[in-house]
1. Taking the conditions exactly as written (touching a residue at least 40 places away in the same chain (Cβ under 8 Å) and of a type in the set (Phe, Trp, Tyr)), does B:Tyr36 satisfy them or not?
2. Please state which one of B:Pro111, B:Pro78, B:Pro92 is crowded, with 16+ Cβ neighbours inside 10 Å and out of contact with any strand residue (DSSP E or B) (no Cβ under 6 Å at 6 or more places or on another chain).
3. Is it the case that A:Thr77 is part of a strand (DSSP E or B), open to solvent by 40 Å² or more (accessible area, probe 1.4 Å) and either of a type in the set (Ser, Thr, Tyr) or touching a Ser or Thr at 6+ places or on another chain (Cβ under 8 Å) (or both)?
4. Among the numbered criteria (1) crowded, with 19+ Cβ neighbours inside 10 Å; (2) more than 11 Å from every other protein chain (Cβ to nearest Cβ), which single criterion is violated by A:Tyr89?
5. Is it the case that some residue within the stretch B:51-63 is within 11 Å of chain A (Cβ to nearest Cβ), open to solvent by 60 Å² or more (accessible area, probe 1.4 Å), closer than 23 Å to A:Asp38 by Cβ and more than 12 Å from the chain's Cα centre (by Cα)?
6. Open to solvent by less than 30 Å² (accessible area, probe 1.4 Å), at pLDDT below 95 and within 14 Å of chain A (Cβ to nearest Cβ): does that describe B:Gly32?
7. Which one is most open to solvent (accessible area, probe 1.4 Å) among residues in the stretch A:29-38 that are assigned to a strand (DSSP E or B) and more than 8 Å from every other protein chain (Cβ to nearest Cβ)?
8. Any idea which residue in the stretch A:39-69 is nearest to A:His29 (Cα to Cα), counting only those that are part of a strand (DSSP E or B) and open to solvent by 60 Å² or more (accessible area, probe 1.4 Å)?
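The values are calculated or read from the model by the stated rules, or taken from the named source; none is laboratory data. Bear in mind that the values here come from a model prediction, so they are computed numbers and not experimental data. Cβ placement follows ideal geometry from the backbone for every residue including glycine, while neighbour counts extend to all protein chains displayed. In case anyone asks, the SASA skips ligands and DNA or RNA and just uses the protein heavy atoms, side chains included. Shrake-Rupley method; radii C 1.70, N 1.55, O 1.52, S 1.80 Å.
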Amino acid sequence: DAGITQSPRHKVTETGTPVTLRCHQTENHRYMYWYRQDPGHGLRLIHYSYGVKDTDKGEVSDGYSVSRSKTEDFLLTLESATSSQTSVYFCAITYGSGTDTQYFGPGTRLTVL
Amino acid sequence: EDQVTQSPEALRLQEGESSSLNCSYTVSGLRGLFWYRQDPGKGPEFLFTLYSAGEEKEKERLKATLTKKESFLHITAPKPEDSATYLCAVQPADSSYKLIFGSGTRLLVRP
């Protein structure tokens, strides 16, 4: 258990609405990541953070923004949700440097109608 | 282009029937290769990290091995509780944070 919680765990929303997913960790880890998981694509990195207010893009960042104003919280925002963003979203952390093993949270299932 | 391919996509075994899962990768230098287990509705659970060709790691009925082109996850005398999706990921040498995942192998072990 990497001490990661994600909220909400399930969400159904409509196209065009803004959505924010939260990842919360209790162990002061510096590095945090957001992934999406889709059938046939595996897990793909959306954004990652290497400290408070320090974030960078992953391979599928279009349509997503992130914020990290506190060490413990990493927020993923869909400014205007689209049906192509229907997916399962996972947050991950590493215990040490960014090259260490990534540990994943329980996930958020998002459906955009 | 960096790429990870896992095979087979799905595997059905009888309890006690040993087998292997394959993870083939193409990267310009390997920093590490990771195996995860994922149960339905849950996040991936870390199993092993391998760093160099020839390295092996074991955990209960699982053994992971690594060559310069692929990794194998050997499952010896599996039990129904080993049923899950097994994910492989590689970290390229030129990226500290990037993980490239395969699509996984769905394993079903029948009693």
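1. On the way: touching a residue at least 40 places away in the same chain (Cβ under 8 Å): yes; of a type in the set (Phe, Trp, Tyr): yes.
Yes.
2. Details: B:Pro111 fails: crowded, with 16+ Cβ neighbours inside 10 Å; B:Pro78 fails: out of contact with any strand residue (DSSP E or B) (no Cβ under 6 Å at 6 or more places or on another chain).
One residue alone meets the criteria, B:Pro92.
3. Working: part of a strand (DSSP E or B): yes; open to solvent by 40 Å² or more (accessible area, probe 1.4 Å): no; either of a type in the set (Ser, Thr, Tyr) or touching a Ser or Thr at 6+ places or on another chain (Cβ under 8 Å) (or both): yes.
In short, no.
4. (2)
5. Here is the first cut: in the stretch B:51-63, the residues within 11 Å of chain A (Cβ to nearest Cβ) are B:51.
With the extra rule that they be open to solvent by 60 Å² or more (accessible area, probe 1.4 Å), the set shrinks to B:51.
Narrowing further to those that are closer than 23 Å to A:Asp38 by Cβ: none.
No, that holds for no residue.
6. Working: open to solvent by less than 30 Å² (accessible area, probe 1.4 Å): yes; at pLDDT below 95: yes; within 14 Å of chain A (Cβ to nearest Cβ): yes.
Spelling it out, B:Gly32 is indeed open to solvent by less than 30 Å² (accessible area, probe 1.4 Å), at pLDDT below 95 and within 14 Å of chain A (Cβ to nearest Cβ).
7. Going residue by residue through the stretch A:29-38, those that are assigned to a strand (DSSP E or B) are A:31-38.
If we keep only those that are more than 8 Å from every other protein chain (Cβ to nearest Cβ) as well, we get A:32, A:34-38.
Numbers: A:Met32: 0, A:Trp34: 0, A:Tyr35: 0, A:Arg36: 23, A:Gln37: 40, A:Asp38: 23 Å².
Residue satisfying both the conditions and the ranking: A:Gln37.
8. Within the stretch A:39-69, the first condition is being part of a strand (DSSP E or B), and the residues that meet it are A:42-51, A:54-57, A:64-69.
Filter again for open to solvent by 60 Å² or more (accessible area, probe 1.4 Å), leaving A:50, A:54, A:56-57, A:69.
Values: A:Tyr50: 9, A:Asp54: 13, A:Asp56: 17, A:Lys57: 19, A:Ser69: 14 Å.
Across the stretch A:39-69, the extreme among qualifying residues is A:Tyr50.
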